[in-house]
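Engineer: Supplied in structure tokens, the structure appears directly below.
The values are calculated or read from the model by the stated rules, or taken from the named source; none is laboratory data. All values reported here derive from a predicted model rather than from experimental measurement. Cβ placement follows ideal geometry from the backbone for every residue including glycine, while neighbour counts extend to all protein chains displayed. Quick note on the areas: whole protein, heavy atoms, side chains included, nothing else; ligands and nucleic acids left out. Shrake-Rupley method; radii C 1.70, N 1.55, O 1.52, S 1.80 Å.
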Amino acid sequence: MEFRFTDEQVMIRDTAEAFLKEVSTSEAVREAMVTERGYDQALWQQISQEMMWPALHIPEEFGGLGLGFVELAATLEQMGRTLLCAPFLSTVGFGVNALLVAGSETQKQTYLGQIAEGKTATLAFMAPGSRPDARAVQVTCAADGDGFVLNGEYRYVLDGHTADILVLAAREAGSEGEQGISLFVLPADTAGVSREWLPTVDQTRKQASITLQDVKLPADALMGEAGQAWPALAKILDLATVAVAAEQVGVAQESLDSSVAYTMERVQFGRTIASYQAIKHKAADMMLKVEAGRSAAYYAACVADEALANNPLGEGLAEAASIAKAYCSEAAFFNAGCGIQLHGGVGITSEYDIQLYFKRAKSSETLLGDAAWHRERLARQLLDGDAA
Amino acid sequence: MKLSFSPEDEQFREEVASWLRENLRGEFEPIRFRGGPGDEHSFVEERKAWEQKLAEGGWTCIGWPKQYGGRGASIEQQVIFNEEYARAGGPGRIGHIGETLTGPTLIAFGSEAQKERYLPGIRAGKEFWCQGYSEPSAGSDLANVKSKARFDEASGKWILNGQKVWTSLAHESQYCFVIARTDPESKAHKGLGFFLVAMDQPGVTIRPIEQLTGTSEFNEVFFDDAECAADDIVGEPGEGWKVAMGLLGFERGVSTLGQQMLFQNELDEIVRVAKANGAARDPALRQRIAEAHIGLRIMRFNSMRMLSGGEDGSLQKEAMIYKLYWSSWHRNLGKLAMDVMGAESEIVPEAPYELGRLQSMYLFTRADTIYGGTNQIQRNIIAERALGMPREPRG
Ligand SMILES: Cc1cc2nc3c(=O)[nH]c(=O)nc-3n(C[C@H](O)[C@H](O)[C@H](O)COP(=O)(O)OP(=O)(O)OC[C@H]3O[C@@H](n4cnc5c(N)ncnc54)[C@H](O)[C@@H]3O)c2cc1C
């Protein structure tokens with residue numbers, strides 16, 4: 001048992017921290033977030049080709065670096081800290097994980113290779129107004145000759161309007177719940193796919209709707225077996241959930257750090273407001289949230305590694321993901337919310353960054369299930385077994 | 001990062017578990033899951049006998065170096081031992097203050113003679129210790145102790161005068177470690193000494209304090225010309241604060257993992273009650289039970305981080321939040337237990353005031369956020385030492 005970073009992991013974290021401090025400045029974030037695309041393409045080139053982050057946990061045989069989920073989490077944490085505007089979570093948290101879990105050898109060769117070279121990807125599964133469980137999958141697929149035809153609408157698709165590669169979840173007409181679900185991977189420019197940017201409260205993370213009208217897919221677009229994809233999709237969503245939690249740790253950390261820094265400068269009643277115990281104690285509570293959240297996120301990242309390798313410890317993925325997401329969602333929101341309070345009036349201005357963290361905290365909380373949703377998922381496991 | 005234990009460690013786990021299976025039964029069956037905070041008054045004699053049984057099996061002080069009778073067990077092994085002990089329902093350890101506080105302190109700061117004199121009794125499960133820090137005017141402000149120690153040239157002994165308070169298990173202990181002023185003119189953390197004091201002597205009076213549970217596990221301890229041998233001071237006169245603070249460092253050690261297993265036992269009990277009485281179907285309670293589960297799992301991850309880190313012994317950030325984290329969590333668990341029991345939570349099993357396990361847990365968890373540094377003091381420490389915010393003004 002060794003629950004701390006190796007020297008190499010420390011180096012990866014430090015490199016990410018230094019690079020992102022340089023490129024994901026407040027100005028850069030503000031410039032990118034007001035565009036429809038939502039990110040700077042030159043920066044993405046740098047991220048994918050120089051830093052090679054999308055390739056981080058792609059196995060070497062598919063053109064990746066062959067590192068693990070812990071390295072990925074360490075990088076994501078720094079991305080959250082600097083509110084990086086980039087299609088990273090969508091491409092890696094969703095896209096790469098989907099291919100690793102459900103892709104055939106050929107699909108992995110094709111698409112993971114493209115991602116390592118700088119293409120972006122995302123996963124679409126949620127119908128309008130749905131929650132992130134099996135019932136969210138409402139787009140239908142039907143056999144069509146050797147292939148399939150898909151119809152329906154997705155919403156809340158991260159970077160759905162810009163992604164190069166789409167992973168889509170669809171179900172056989174008439175099927176329900178976890179039955180009848182299939183996964184497909186395809187180029188985003190496939191005929192019949194129309195995509196529309198959805199403006200969001202948190203401008204640092206872009207969402208889109210995707211409408212499918214008689215989208216015809218060849219047989220080799222199918223991932224795994226037709227109608228049997230729920231366990232794979234559930235695993236992909238859990239892996240993505242862990243990725244979000246790691247990012248949330250960064251959001252929580254920076255909300256704390258920037259607030260402490262502010263209170264050390266600001267003077268009222270003849271002393272810095274950081275010297276007041278009400279402020280200190282709030283900051284201490286914020287630190288508790290960050291550190292506990294970090295423990296949860298890294299534990300979940302370790303389990304994610306085991307799950308990707310199909311090891312027995314990986315069976316705890318759903319639980320670890322829910323623990324991390326429930327806690328880190330609230331930690332990030334608590335810290336960003338308290339952060340605004342500690343800033344006083346300037347916390348309400350658009351000039352200060354704390355409001356951006358507050359918005360990111362909320363959007364990340366909602367993404368893939370908020371704290372209450374994950375607690376209920378755990379409650380089912382704890383309480384709904386055989387009655388005592 | 002790696003989550004799994006090595007095969008050797010897993011084998012060690014099996015060794016611990018099977019020893020407990022074979023020995024924690026028969027005459028010891030009634031003391032399973034008993035004792036510990038809030039339940040210290042129960043089965044005292046049986047639990048003392050159990051300490052010796054443990055010692056015979058070589059299961060006391062396993063983290064101490066071999067030369068002092070320990071096993072030199074690795075952190076992992078100590079974690080495993082504590083987990084298995086709690087899982088098996090091992091009773092609250094009457095010897096824990098000696099094993100986890102006195103022992104490590106003497107090993108770090110004590111003279112050879114002190115180690116020879118005191119370590120074997122602790123190791124054998126025969127000599128029990130209590131902690132004489134707090135006084136009526138020295139609570140959170142521990143450095144404000146007023147008890148005095150004067151060296152008497154004629155008898156060649158230290159003479160102690162003063163009062164301690166909240167001294168847990170003083171009535172069951174042969175020895176107490178005491179901080180007292182060696183320099184009567186000194187203030188705050190200067191001029192203190194750290195003494196090893198025998199309780200069974202005319203100069204020591206112990207008076208139990210009744211707690212909100214109706215039981216008493218802590219006491220007032222009065223020193224009226226109590227005597228302490230010349231070489232029963234740890235470190236030099238004036239170095240008491242350094243030794244006392246070193247000891248508080250040991251307080252945050254591996255025993256916390258055993259504590260978590262006890263918490264797990266309590267949470268399991270709450271889940272059983274919830275399933276039996278239908279509380280498990282109440283959406284609000286479901287949320288809180290899941291939250292408790294999440295909190296406990298994270299407590300474990302956090303202590304795994306704490307125990308894996310900081311080779312240089314420096315206090316890591318995750319260690320600084322530890323006390324505040326577990327005390328707050330446990331206090332919430334106490335309230336949850338009552339809420340899950342519903343109307344039955346008010347009904348005491350036996351007159352006049354024999355509390356049920358969860359009721360007593362509920363009441364006693366209010367102490368968790370007070371002893372060992374209150375939540376407010378923990379927050380001061382975090383803000384000042386981890387976040388670098390200004391220190392509190394002092395009067
Ligand atoms: C069950 C139990 C067992 C104990 N066992 C032992 C033992 O074996 N040996 C021993 O030596 N002691 C023991 N103690 C004593 C314990 O360490 C003290 O109770 C504790 O340090 C608090 O001191 P106090 O009770 O004097 O409270 P006070 O220090 O008077 O605190 C009262 C309130 O004021 C707050 N406060 C105090 N100072 C500050 C500040 N600077 N900033 C903000 N808030 C502040 C506190 O947080 C608290 O809420 C035990 C206590 C309990 C409850």
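Engineer: Sort through A:E36, A:E17, A:E50, A:E60 and tell me the only one that's of a type outside the set (A, V, I, L, M, F, W, C), outside the structural domain of A:T162 (by TED's automatic domain parsing) and closer than 26 Å to B:S4 by Cα.
Structural biologist: A:E60
Engineer: Further question on the same structure: Mind listing just one residue for me: the one in the stretch A:138-178 that is over 24 Å from A:V96 (Cα atoms), in contact with a Gly (Cβ under 8 Å, 6 or more places away or on another chain) and touching a residue at least 12 places away in the same chain (Cβ under 8 Å) and, of those, most open to solvent (accessible area, probe 1.4 Å)?
Structural biologist: Checking each candidate, the answer is A:E172.
Engineer: Quick check on my filter: what residues within the stretch B:215-237 are among the small types (G, A, S) and modelled with pLDDT under 95?
Structural biologist: Once the filter is applied, which keeps residues that are among the small types (G, A, S) and modelled with pLDDT under 95, the stretch B:215-237 yields only B:S216.
Engineer: Going by the conditions given, is A:A326 touching a His at 6+ places or on another chain (Cβ under 7 Å) and either over 24 Å from B:S327 (Cβ atoms) or not basic (K, R) (or both)?
Structural biologist: Taking the combined requirement at face value, the residue satisfies it.
Engineer: Next question, about the same structure. Which members of the stretch B:186-209 meet the condition of being closer than 23 Å to B:K242 by Cβ and over 21 Å from the mean Cα position of the chain (by Cα)?
Structural biologist: B:S186, B:K187, B:A188, B:H189, B:K190, B:G191, B:L192, B:G193
Engineer: Let me ask another. Given the structure, is B:M361 open to solvent by less than 20 Å² (accessible area, probe 1.4 Å) and more than 9 Å from chain A (Cβ to nearest Cβ)?
Structural biologist: Considered against the rule, which asks whether it is open to solvent by less than 20 Å² (accessible area, probe 1.4 Å) and more than 9 Å from chain A (Cβ to nearest Cβ), B:M361 comes out as yes.
Engineer: Return yes or no: is B:E15 more than 30 Å from A:S295 (Cα to Cα) and acidic (D, E)?
Structural biologist: no
Engineer: Further question on the same structure: Does A:R271 satisfy the condition of being out of contact with any helix residue (DSSP H, G or I) (no Cβ under 7 Å at 6 or more places or on another chain), over 30 Å from A:R135 (Cα atoms) and either within 12 Å of chain B (Cβ to nearest Cβ) or among the aromatic types (F, W, Y) (or both)?
Structural biologist: In short, yes.
Engineer: For the stretch A:146-159, state whether one or more residues are in contact with a helix residue (DSSP H, G or I) (Cβ under 8 Å, 6 or more places away or on another chain) and of a type in the set (S, T, Y).
Structural biologist: No, the conditions are met nowhere in the stretch A:146-159.
Engineer: Among B:M341, B:M361, B:M299, which is the only one that is within 16 Å of the ligand (Cβ to nearest atom) and touching a helix residue (DSSP H, G or I) at 6+ places or on another chain (Cβ under 8 Å)?
Structural biologist: That would be B:M361, the only listed residue that is within 16 Å of the ligand (Cβ to nearest atom) and touching a helix residue (DSSP H, G or I) at 6+ places or on another chain (Cβ under 8 Å).
Engineer: If you scan the stretch B:32-60, which residues turn out to be at pLDDT below 95 and open to solvent by less than 30 Å² (accessible area, probe 1.4 Å)?
Structural biologist: B:G35, B:G36, B:G38, B:D39, B:E40, B:S42, B:V44
Engineer: Moving to a separate point now. Looking at the stretch B:375-386, which of its residues are charged (D, E, K, R) and within 8 Å of another protein chain (Cβ to nearest Cβ)?
Structural biologist: B:R379, B:E384 - these are the residues of the stretch B:375-386 that are charged (D, E, K, R) and within 8 Å of another protein chain (Cβ to nearest Cβ).
Engineer: Also, I was wondering about something else. Any idea which residue in the stretch B:383-395 is farthest from the ligand (Cβ to nearest atom), counting only those that are open to solvent by less than 70 Å² (accessible area, probe 1.4 Å) and at pLDDT 95 or above?
Structural biologist: Only one residue tops the list, namely B:G388.
Engineer: Which of the following residues is within 12 Å of chain B (Cβ to nearest Cβ) and part of a helix (DSSP H, G or I): A:A292, A:A336, A:A318, A:A332?
Structural biologist: A:A292
Engineer: Among the numbered criteria (1) over 22 Å from the mean Cα position of the chain (by Cα); (2) charged (D, E, K, R); (3) exposed (fewer than 14 other Cβ atoms within 10 Å of the Cβ); (4) farther than 28 Å from B:C61 by Cβ, which one does B:D183 miss?
Structural biologist: (3)
Residue-by-condition table, conditions (1) crowded, with 17+ Cβ neighbours inside 10 Å; (2) away from the ligand (no atom under 15 Å from the Cβ):
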{"position": "B:G132", "(1), (2)": "yes, no"}
{"position": "B:E135", "(1), (2)": "yes, no"}
{"position": "B:S140", "(1), (2)": "no, no"}
{"position": "B:K146", "(1), (2)": "no, no"}
{"position": "B:G162", "(1), (2)": "yes, no"}
{"position": "B:K190", "(1), (2)": "no, yes"}
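Engineer: So, in the stretch B:244-256, of the ones that are modelled with pLDDT under 70 and hydrophobic (A, V, I, L, M, F, W, C), which residue ends up most open to solvent (accessible area, probe 1.4 Å)?
Structural biologist: By that ranking, first place goes to B:F250.
Engineer: Of the residues A:V249, A:V215, A:V244, only one is surrounded by 15 or more Cβ atoms within 10 Å (Cβ to Cβ), outside any loop (DSSP other than H, G, I, E, B) and within 14 Å of chain B (Cβ to nearest Cβ); which?
Structural biologist: Of the residues listed, the single one that is surrounded by 15 or more Cβ atoms within 10 Å (Cβ to Cβ), outside any loop (DSSP other than H, G, I, E, B) and within 14 Å of chain B (Cβ to nearest Cβ) is A:V249.
Engineer: Among the residues of the stretch B:366-374, are any buried (at least 19 other Cβ atoms within 10 Å of the Cβ), away from chain A (no Cβ under 14 Å) and within 10 Å of the ligand (Cβ to nearest atom)?
Structural biologist: yes
Engineer: Let me ask another. Out of B:G72, B:G57, B:G92, B:G125, report the one residue that is under 27 Å from B:E14 (Cβ atoms), under 18 Å from the mean Cα position of the chain (by Cα) and more than 16 Å from the ligand (Cβ to nearest atom).
Structural biologist: B:G125
Engineer: Considering only residues that are open to solvent by 40 Å² or more (accessible area, probe 1.4 Å) and of a type outside the set (D, E), which ones fall in the stretch A:189-199?
Structural biologist: Those that are open to solvent by 40 Å² or more (accessible area, probe 1.4 Å) and of a type outside the set (D, E): A:A191, A:S194, A:R195, A:W197, A:P199.
Engineer: What residue, among those in the stretch A:322-355 that are of a type in the set (A, V, I, L, M, F, W, C) and open to solvent by less than 10 Å² (accessible area, probe 1.4 Å), is nearest to A:A278 (Cα to Cα)?
Structural biologist: Among them, the one singled out is A:A336.
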